[in-house]
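The values are calculated or read from the model by the stated rules, or taken from the named source; none is laboratory data. Bear in mind that the values here come from a model prediction, so they are computed numbers and not experimental data. Positions of Cβ are generated from backbone atoms using ideal geometry, with glycine treated the same way; all protein chains shown enter the neighbour counts.
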Amino acid sequence: MQQLAAQSEIDFHSEVYKDAYSRINAIVIEGEQEAHENYLALAELLPDCKDELTRLSKMESRHKKGFESCGRNLQVTPDLQFAKEFFAGLHSNFQTAAAEGKVVTCLLIQSLIIECFAIAAYNIYIPVADDFARKITEGVVKDEYSHLNFGEVWLKEHFEQSKAELEEANRQNLPIVWKMLNQVENDARVLAMEKEALVEDFMIQYGEALSNIGFTTRDIMRLSAYGLTG
Ligand code: Y39
Ligand code: FE
Ligand code: FE
């Protein structure tokens with residue numbers, strides 16, 4: 001099997017691997033922490049969904065703990081300062097939207113964009129992860145699909161009144177995702193995760209999400225590739 005062959009060539013204990021892992025692992029830890037906070041903010045914005053969103057936020061804290069243990073298992077210290085800077089763009093856009101009560105924008109950033117980014121990254125990581133991290137990540141990715149589903153269902157139910165805000169939020173935030181992927185490309189490659197595979201999986205997840213919400217194929221093409229080329 002191709003994946004097993006590739007995997008056997010990865011030296012999880014080499015300095016090169018651990019150096020790249022110190023940033024990727026930090027990104028995931030910081031991402032899970034911010035996702036936890038984002039769902040708590042959404043719980044305040046959507047009182048009818050407060051219990052459900054509080055439950056999602058607790059799942060994100062568990063994910064964070066799981067990925068911290070993956071770093072410890074490889075004796076890697078996560079570079080959390082790097083990770084904070086990595087997320088700064090999406091983080092500040094989420095904060096601004098939350099302060100303005102723009103729940104549609106908040107859902108697009110966290111429940112669609114960030115969840116699709118997480119699902120793509122975890123799907124690509126699982127076949128090339130060390131045994132310990134693979135088990136953790138397999139458990140986490142199942143949860144991420146349920147987080148994406150929350151956003152899809154809510155936005156589908158409010159599609160007509162959300163459409164314009166979704167378009168604008170997509171325009172502001174999708175180009176940030178492409179920049180983030182460029183920033184992480186070299187470190188991801190050291191972990192045997194190819195940028196092309198990440199982009200492809202992200203586009204599939206995000207396109208499917210937009211379709212489930214109610215966008216037409218034509219809209220999806222335009223929205224999901226926005227900012228990808230220059
Ligand atoms: O909803 C969630 O749990 C998402 C916040 C977690 C972070 C996902 C960040 C993944 C990017 C990793 C890029 C590695 C190539
Ligand atoms: Fe998570
Ligand atoms: Fe999540």
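Answer yes or no as to whether K50 is within 16 Å of ligand 2 (Cβ to nearest atom), more than 16 Å from the chain's Cα centre (by Cα) and farther than 25 Å from E208 by Cα. Please lay out each step first, then the result.
On the way: within 16 Å of ligand 2 (Cβ to nearest atom): no; more than 16 Å from the chain's Cα centre (by Cα): yes; farther than 25 Å from E208 by Cα: yes.
So K50 does not fit the description; no.
Could you list all residues from the range 105-133 that are surrounded by fewer than 21 Cβ atoms within 10 Å (Cβ to Cβ) and over 14 Å from M193 (Cα atoms)? Correct list: D131, F132. Whether a residue is within 14 Å of ligand 3 (Cβ to nearest atom), acidic (D, E), over 17 Å from the mean Cα position of the chain (by Cα) and modelled with pLDDT of 95 or more was assessed, and E44 does not pass this test.
Residue check: is K65 away from ligand 3 (no atom under 16 Å from the Cβ) and either within 26 Å of N182 (Cβ to Cβ) or not hydroxyl-bearing (S, T, Y) (or both)?
Details: away from ligand 3 (no atom under 16 Å from the Cβ): no; either within 26 Å of N182 (Cβ to Cβ) or not hydroxyl-bearing (S, T, Y) (or both): yes.
It is false that K65 is away from ligand 3 (no atom under 16 Å from the Cβ) and either within 26 Å of N182 (Cβ to Cβ) or not hydroxyl-bearing (S, T, Y) (or both).
Scan L181, L90, L166 and give me the residue that is within 14 Å of ligand 3 (Cβ to nearest atom) and farther than 23 Å from Q75 by Cα. None of the others qualify; the one that does is L90.
Taken as a whole, the range 103-117 holds no residue that is modelled with pLDDT under 95 and of a type outside the set (S, T, Y).
Tallying residues that are of a type in the set (A, V, I, L, M) and closer than 24 Å to R55 by Cβ within the range 143-186 yields 3.
Matching residues to (1) within 15 Å of the chain's Cα centre (by Cα); (2) basic (K, R):
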position	(1), (2)
Y122	yes, no
R134	no, yes
E144	yes, no
Q161	no, no
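List the residue pairs whose Cβ atoms are under 7 Å apart, where the first residue sits in the range 110-123 and is over 14 Å from E200 (Cα atoms), the second is of a type in the set (D, E, K, R) and at pLDDT 95 or above, and the two are 6 or more positions apart or on different chains. Listed pairs, sorted by first residue: E115/E144. Pairs meeting the criteria (first residue in the range 217-230 and touching a residue at least 12 places away in the same chain (Cβ under 8 Å), second residue small (G, A, S), beta carbons under 7 Å, at least 6 apart or on different chains) are I220/G207; I220/S211; S224/G207.
Kindly check whether there is at least one residue in the range 205-218 that is in a helix (DSSP H, G or I), over 29 Å from I10 (Cβ atoms), more than 19 Å from the chain's Cα centre (by Cα) and β-branched (V, I, T).
The first filter runs over the range 205-218 and keeps only residues in a helix (DSSP H, G or I), leaving 205-213, 217-218.
Narrowing the set further to residues that are over 29 Å from I10 (Cβ atoms) leaves 207-213, 217-218.
Now drop any that are not more than 19 Å from the chain's Cα centre (by Cα), which leaves 217-218.
Now narrow it down to the ones that are β-branched (V, I, T): 217.
Scanning the range 205-218 turns up at least one residue that is in a helix (DSSP H, G or I), over 29 Å from I10 (Cβ atoms), more than 19 Å from the chain's Cα centre (by Cα) and β-branched (V, I, T).
For the range 134-144, residues that are of a type in the set (S, T, Y) and surrounded by fewer than 14 Cβ atoms within 10 Å (Cβ to Cβ) total 0. Scanning the range 44-72 for residues that are farther than 17 Å from A129 by Cα, among the hydrophobic types (A, V, I, L, M, F, W, C) and part of a helix (DSSP H, G or I) gives L45, C49, L53, L56, M59. The requirement of being part of a loop (DSSP other than H, G, I, E, B), more than 13 Å from ligand 1 (Cβ to nearest atom) and at pLDDT below 95 is fulfilled nowhere in the range 74-83; no residue meets it.
Considering only residues that are within 10 Å of ligand 2 (Cβ to nearest atom) and of a type outside the set (A, V, I, L, M), look in the range 13-32 and name the one that is surrounded by the fewest Cβ atoms within 10 Å (Cβ to Cβ). Give the derivation first.
As a first pass, look at the range 13-32 and keep what is within 10 Å of ligand 2 (Cβ to nearest atom): 28, 31-32.
Keeping just the survivors that are of a type outside the set (A, V, I, L, M) gives 31-32.
Numbers: G31: 23, E32: 21.
So the residue we want is E32.
Take G151 and tell me if it is under 17 Å from the mean Cα position of the chain (by Cα), under 16 Å from I113 (Cβ atoms), crowded, with 18+ Cβ neighbours inside 10 Å and touching a residue at least 24 places away in the same chain (Cβ under 8 Å). The answer is yes for G151.
Of all residue pairs spaced 6 or more apart or on separate chains, none has beta-carbon atoms under 9 Å together with a first member in the range 73-90 that is farther than 20 Å from A129 by Cα and a second member that is not in a helix (DSSP H, G or I).
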